[in-house]
Amino acid sequence: MRAVAYSVRSFEEISLRNANKDKHAITYIPDALGPETLKDAEGMDAVIVFTNDDVSAPVIEKLAGMGVKYITTRSVGTDHFDKRAAEKYQIQLSNVPAYSPQAIAEHAVALAFALNRQLITSDHHSHHFDFRNDELIGFNFSGKTVGLIGLGNTGLAVARIFNGLGCHVIGYDLYFPEEAPAITAVNLETLLATADIISLHLPLTQTTKYLINQKSISQMKKGVMLINTSRGALVNTVDVLEGVESGKIGYLGLDVYEHEKGLFFEDHQQDAVKDDLLLRLMAQKNVLVTPHQAYLTREALQEIADQTIKNLDSFS
Ligand code: COI
């Protein structure tokens with residue numbers, strides 16, 4: 001099958017080439033899919049995309065007009081797909097249903113640890129030969145209540161890690177898994193009101209958008225730690241910034257950002273004008289932002305590549 005893979009970084013191309021073994025004729029390009037890069041899909045059967053590619057209705061319509069029959073994403077999340085448009089133009093869609101949930105889980109926990117022990121600040125101080133302990137006081141995770149919203153593969157992997165740290169793990173999901181590790185099922189209100197640490201592990205849909213907003217933040221404990229490694233728009237970023245500024249949110253760890261499209265995964269150091277909301281967030285010392293890298297382990301990269309090629313095989 002002839003396919004074009006968009007938004008491919010060199011480190012990802014290696015895994016994709018390893019998985020493909022020249023089975024499919026794949027063109028790898030670093031640019032994101034969008035109106036300006038559609039020409040690269042000319043003559044292709046399939047298009048392979050990443051999370052921040054533009055897979056909106058107008059783009060899908062154009063792809064269909066060019067004869068593209070299939071779009072597969074190198075991610076679990078499918079919120080970037082306009083599924084209705086794909087159905088209308090008879091383009092089949094697929095994703096990577098699961099890959100190393102531990103990769104994302106470990107990053108979520110890494111954010112929690114780094115925030116708690118202020119590792120970024122203390123490393124910065126140490127590099128300047130400032131070895132004082134003042135203002136570096138953290139807390140024991142052991143004994144704390146961790147609230148997980150979303151109990152899919154990743155949520156469960158996070159639960160196992162926090163269980164191992166001696167935390168009391170509570171969880172909320174529309175479908176509570178039958179075989180969950182030690183997680184107490186609670187409703188959302190109880191989770192918001194009792195968790196010391198809240199971590200989000202659910203997909204972005206019209207229902208989950210802005211799940212974390214002014215109202216839900218007001219229901220949380222003062223000084224709560226909030227971690228988001230799922231999708232930026234699960235949280236209303238303006239409300240969350242207010243929550244941090246008021247001290248209601250004591251720690252904020254974001255691997256995803258509501259307005260990350262066209263920003264994350266790229267070098268924007270030289271931009272004259274930078275995203276003001278993100279600048280304001282990052283100016284807070286109890287906020288840690290990473291560039292959507294939670295998935296980024298060698299194991300996960302290969303699993304994503306293997307499943308992507310399997311998706312093309314299945315479509316063939
Ligand atoms: C997903 O799998 O949905 C992610 O967000 C990670 C992706 C960037 C590979």
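Below, the figures for the structure above:
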| read-out | value |
| --- | --- |
| Qualifying positions in the stretch 115-149 - open to solvent by less than 40 Å² (accessible area, probe 1.4 Å) and either touching a strand residue (DSSP E or B) at 6+ places or on another chain (Cβ under 6 Å) or acidic (Asp, Glu) (or both) | 115, 130, 145, 146, 147, 148, 149 |
| Matching helices (runs of 4 or more DSSP H) fully within the stretch 153-259 where at least 3 residues are more than 16 Å from the ligand (Cβ to nearest atom) and within 30 Å of residue 96 (Cβ to Cβ) | 153-164 |
| Selection status of residue 23, touching a residue at least 40 places away in the same chain (Cβ under 8 Å) and more than 27 Å from residue 203 (Cα to Cα) | yes |
| Filtered residue count, the stretch 89-117, keeping only those that are farther than 15 Å from residue 303 by Cβ and in a helix (DSSP H, G or I) | 10 |
| Criterion (touching a Phe, Trp or Tyr at 6+ places or on another chain (Cβ under 7 Å), in a helix (DSSP H, G or I) and assigned by TED's automatic domain parsing to the domain that holds residue 307) met by exactly one of 32, 19, 85, 64 | 64 |
| Residue match in the stretch 48-69 (condition: polar (S, T, N, Q), more than 26 Å from the chain's Cα centre (by Cα) and away from the ligand (no atom under 13 Å from the Cβ)) | no |
| Residue tally, condition open to solvent by less than 40 Å² (accessible area, probe 1.4 Å), out of contact with any Asp or Glu (no Cβ under 9 Å at 6 or more places or on another chain) and either within 18 Å of residue 266 (Cβ to Cβ) or within 13 Å of the ligand (Cβ to nearest atom) (or both), over the stretch 296-316 | 2 |
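The values are calculated or read from the model by the stated rules, or taken from the named source; none is laboratory data. Here the structure is a predicted model, which is why all the values come from computation and not from measurement. Neighbour counts run over all protein chains shown; Cβ positions are idealised from the backbone, glycine included. With ligands, DNA and RNA removed, areas are computed over all heavy atoms of the protein, side chains included. Shrake-Rupley method; radii C 1.70, N 1.55, O 1.52, S 1.80 Å.
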